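Okay, so here's the structure we're looking at.
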Amino acid sequence: MARKKIRKVTHSDENTTEIQQPVVSVKRTFPAKYLIIALVISAITFVAFIPAIQNGFTNWDDPSYIQDNPYIRSLNLENIKAIFFPKTEILDTYTPLTILSYAVEYSLVKLNPMLYHVDNIILHVINTFLVFWFLLLISKRIEVPIIGALLFGIHTMHVESVAWLAERKDLLFTLFYLGSIISYVIYLTERSAVKNLSETLKDKYFILTIVFFLLALLSKPQAVSLPLVLLLIDYIKQRKISGSVWIEKLPFFLLSLLFGIRTLLSMNPVAIPAFEQYNILDKLLFSSYAVVIYISKFLLPLNLSNYYPFPVKTEGMYPILVYLSPAIILLLAYSVFLSLKRTRILAFGFGFFLVNLIFVIHIIAFNTSIHYDRFSYMSYIGLAYLVGEGFVFLSDRANEGSRLFKNLKYAGLTILVIYGAAVFALTWERNAIWRNGITLWSDTIHKYPNVAMSYNNRGNIYYYSNKPDEAMADFNKAILLDEKHAGAYFNRALLFTDLGDQDMAIADYSRSIEFDEGFVHAYYNRGVQYYFKKEYEKAASDYSNAIELNPEMLKALRNRGLAYIHLEEFELALSDFTKTIELDPSSADVYNERANVLFMQEDYDNAILDYSKAIELNTEFVRAYFNRGIAYFKIGFNSEAITDFTAAIEYQAGYASAYFQRALAHYEKKEYEAAWDDALKAQELEFPVDSTFLARLQQIVQ
């Protein structure tokens, strides 16, 4: 009878009564023995990811977030304001805290990738520690946080989130997300009595829950799932879901709604037109299929990739697993339902898993991959928790004297050890795949050889590595696989430009625009090619299209101004140069170009002002000295003109035109000897000095 009484408070019935007390003490700080265990698990996690320290940048979002991101170049107030209040989000995602973390690193090491990778690993190690803490608070047995945190820390599916620098947002949002739910569990645990709303809002742990949630949202919008997780915590803690509980969650749901709407509004509505080919049944099949794949990859993290193409029909049918996936999900759901009579564990674990996937499993698609490894980062906590609780279940039954369960316990322990060692080895190996763009995309091509994006991205690396033959082969392959791949045409056009084939470059830019009418850089680059071919009207038209798409594209504004000069549309040119200066008053070149237009309009005084501003911005601007010298000469300021021509010659030895123009200025000042010397020097430098002028000077000086 005594054994039966014990069974009433063991694992299977642990959530059936309000008065049970957890075996593990719930404290804000760990007991020393648990702290040591958590630190050991964290150390093992760090070792598993050591190979990532040697990795560099990839060309998959790293340029947008780090290498080419102007907002991380300086930690000044203006940039910080731009990070938190951007005019456009980087890659359609609002992640200001993540961007700010890059800015801090850039201020320390510029673009040395090692610190960025070390910081990613440290964040992952901290998250592993927090997972241990969270599971320690949620579960009643120490085995659960040990197994759960270790699986989370070393799991191979998490390599993408850790080794990929652009995915810092996963690590950062999880850090604050875990901080929020840990604060919430402590808030629930320390509630001595039911509080009204006013008291709740003053509770420091409730406030911390909100603050950490906000920080998570500012790191990555995926954190919008947190209010649902809070309800799951209420459920596993056997809290009655009353009206006051819903009111308590109101701030969280409002924040989720706010950031969710912002995310939807910032996303490009035509980002994935190919997804429109699928009907609602296809999308539901893909959603359930993605969930099944995430579960299978948790159990066997093999054949991983940074990209997984959508299933393709063969003879009108998807692979059989796609059709079986809804049945598998329903079977799991039914199993969870049946378990509710005995325990809430399965419902909580699978609920945590699904809640953190619900917004990324393609009911509405925002990506071209059926699933991504990185989306498992938070959701796998739920599955890791279930593994830990499953082992506890076997252990409890074994302790009751069941021979079968004793065997199962030792078998389970053996499997866990072997599985952990295998996953550790796979994680160590997978880190090297993210060494650089070539290793990354070559791995993807090896596993999925018919994906155009992979060839295009690898070709891009080859292009910037000065390997034109390899780049051309990859771009051609990408276009062969997807004849509407705008990016591949664009990249091949860059290569044709370098090879000096303007016509082929223009043709490829045109194809790029045909398949992506909003491709601003394709318009701009085609405009550049037309400009060099002296087809100035076409150039101006392309620059105009680029400006329409991006009104603050400075180089397009400036180049259109140059095209207008050749078309003798001087007022339009002035307007473009003025607008460029308003947007960037630090460009000496643009002041010089606007001054040239003013000079052509014979507005010499204002031209001199702009040339002077250009020289102020660049004190060694040879052409500006020369041009201002001519403007001074035009209004009879010959001494000033001579000073400017002299400066131009000092900064550029052998400047023949400057010698000749200085000769003319000396001549006007009747300084004939100096004029004669400069004219001879200009002729020596092969400047076509007028023979009549030389003869006149020779007659005077001799």
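Take the conditions at pLDDT 95 or above, open to solvent by 40 Å² or more (accessible area, probe 1.4 Å) and under 49 Å from the mean Cα position of the chain (by Cα) and apply them to residue 643. Does it pass? No.
Could you check, for the range 671-684, whether at least one of its residues is in contact (Cβ under 8 Å) with a residue 12 or more places away in the chain, closer than 24 Å to residue 600 by Cα and open to solvent by less than 40 Å² (accessible area, probe 1.4 Å)? Scanning the range 671-684, I find no residue that is in contact (Cβ under 8 Å) with a residue 12 or more places away in the chain, closer than 24 Å to residue 600 by Cα and open to solvent by less than 40 Å² (accessible area, probe 1.4 Å), so the answer is no. Restricting to the range 92-121, give me the number of residues that are over 24 Å from residue 52 (Cα atoms) and either at pLDDT below 90 or polar (S, T, N, Q) (or both). Here the count works out to 2.
Of 235, 318, all but one fail to be open to solvent by less than 90 Å² (accessible area, probe 1.4 Å), in contact (Cβ under 8 Å) with a residue 60 or more places away in the chain and farther than 26 Å from residue 164 by Cβ; the exception is 235. Need at least 1 residues that are closer than 20 Å to residue 163 by Cβ per element, so show me which helices (runs of 4 or more DSSP H) inside the range 427-488 make the cut, counting only ones lying wholly within it. Once the helices (runs of 4 or more DSSP H) in the range 427-488 are filtered for at least 1 residues that are closer than 20 Å to residue 163 by Cβ, what remains is 437-447, 452-464. Screening residue 188 on (1) at pLDDT below 95; (2) touching a Gly at 6+ places or on another chain (Cβ under 8 Å) shows it passes everything except condition (2).
Return yes or no: is residue 578 in contact with a helix residue (DSSP H, G or I) (Cβ under 6 Å, 6 or more places away or on another chain) and either buried (at least 23 other Cβ atoms within 10 Å of the Cβ) or in a helix (DSSP H, G or I) (or both)? Considered against the rule, which asks whether it is in contact with a helix residue (DSSP H, G or I) (Cβ under 6 Å, 6 or more places away or on another chain) and either buried (at least 23 other Cβ atoms within 10 Å of the Cβ) or in a helix (DSSP H, G or I) (or both), residue 578 comes out as no.
Of the residues in the range 420-444, how many are within 12 Å of residue 154 (Cβ to Cβ) and surrounded by 16 or more Cβ atoms within 10 Å (Cβ to Cβ)? Final tally of qualifying residues: 8.
The residues on offer are 119, 170, and the sole one that is more than 21 Å from residue 40 (Cβ to Cβ) and buried (at least 24 other Cβ atoms within 10 Å of the Cβ) is 170.
I'm checking my understanding of the structure. Among residues of the range 344-364 that are open to solvent by 20 Å² or more (accessible area, probe 1.4 Å) and part of a loop (DSSP other than H, G, I, E, B), which one is modelled with the highest pLDDT? By that ranking, first place goes to 344.
Just one residue in the set 530, 523, 564, 611 is under 22 Å from residue 641 (Cα atoms), among the aromatic types (Phe, Trp, Tyr) and open to solvent by less than 40 Å² (accessible area, probe 1.4 Å); that residue is 611. Among the residues examined, residue 475 does not qualify as of a type outside the set (Asp, Glu), without any contact (Cβ under 8 Å) to a residue 60 or more places away in the chain, more than 30 Å from residue 43 (Cβ to Cβ) and out of contact with any Lys or Arg (no Cβ under 7 Å at 6 or more places or on another chain). Kindly indicate whether any position in the range 353-369 is over 34 Å from the mean Cα position of the chain (by Cα) and among the hydroxyl-bearing types (Ser, Thr, Tyr). No, the conditions are met nowhere in the range 353-369.
Can you pull out the residues in the range 204-228 that are of a type in the set (Phe, Trp, Tyr) and open to solvent by 10 Å² or more (accessible area, probe 1.4 Å)? Across the range 204-228, the qualifying residues are 205, 212. Given the criteria open to solvent by 50 Å² or more (accessible area, probe 1.4 Å) and either touching a residue at least 60 places away in the same chain (Cβ under 8 Å) or over 30 Å from residue 264 (Cα atoms) (or both), does residue 142 qualify? No: the conditions fail for residue 142. Only one entry in 486, 471 is under 21 Å from the mean Cα position of the chain (by Cα) and modelled with pLDDT of 95 or more, namely 486. So, in the range 71-82, how many residues would count as being in contact with a helix residue (DSSP H, G or I) (Cβ under 8 Å, 6 or more places away or on another chain), surrounded by fewer than 19 Cβ atoms within 10 Å (Cβ to Cβ) and not basic (Lys, Arg)? So the count comes out to 5.
Restricting attention to the range 276-315, the residues that are open to solvent by 80 Å² or more (accessible area, probe 1.4 Å), of a type in the set (A, V, I, L, M) and within 28 Å of residue 455 (Cα to Cα) add up to 3. Identify the residue in the range 485-500 that is surrounded by 15 or more Cβ atoms within 10 Å (Cβ to Cβ) and not aliphatic (A, V, I, L, M) and, among all such residues, is nearest to residue 531 (Cα to Cα). My answer is 497.
Count of the range 91-101 residues, restricted to those that are within 10 Å of the chain's Cα centre (by Cα), outside any loop (DSSP other than H, G, I, E, B) and crowded, with 21+ Cβ neighbours inside 10 Å, is 2.
Listed conditions (1) at pLDDT 90 or above; (2) buried (at least 16 other Cβ atoms within 10 Å of the Cβ) are all met by residue 200, apart from (1). Answer with yes or no whether residue 648 is within 25 Å of residue 601 (Cα to Cα), open to solvent by less than 40 Å² (accessible area, probe 1.4 Å) and of a type in the set (A, V, I, L, M, F, W, C). The answer is yes for residue 648. Looking across the range 533-555 at every residue that is open to solvent by 30 Å² or more (accessible area, probe 1.4 Å) and either of a type in the set (Ser, Thr, Tyr) or touching a Cys at 6+ places or on another chain (Cβ under 7 Å) (or both), the one that is farthest from residue 491 (Cα to Cα) is identified as 536.
The values are calculated or read from the model by the stated rules, or taken from the named source; none is laboratory data. Quick caveat, the model's predicted, so the values are computed rather than measured. All Cβ positions, even for glycine, are placed from backbone atoms using ideal geometry, and neighbour counts span all protein chains on display. Quick note on the areas: whole protein, heavy atoms, side chains included, nothing else; ligands and nucleic acids left out. Shrake-Rupley method; radii C 1.70, N 1.55, O 1.52, S 1.80 Å.
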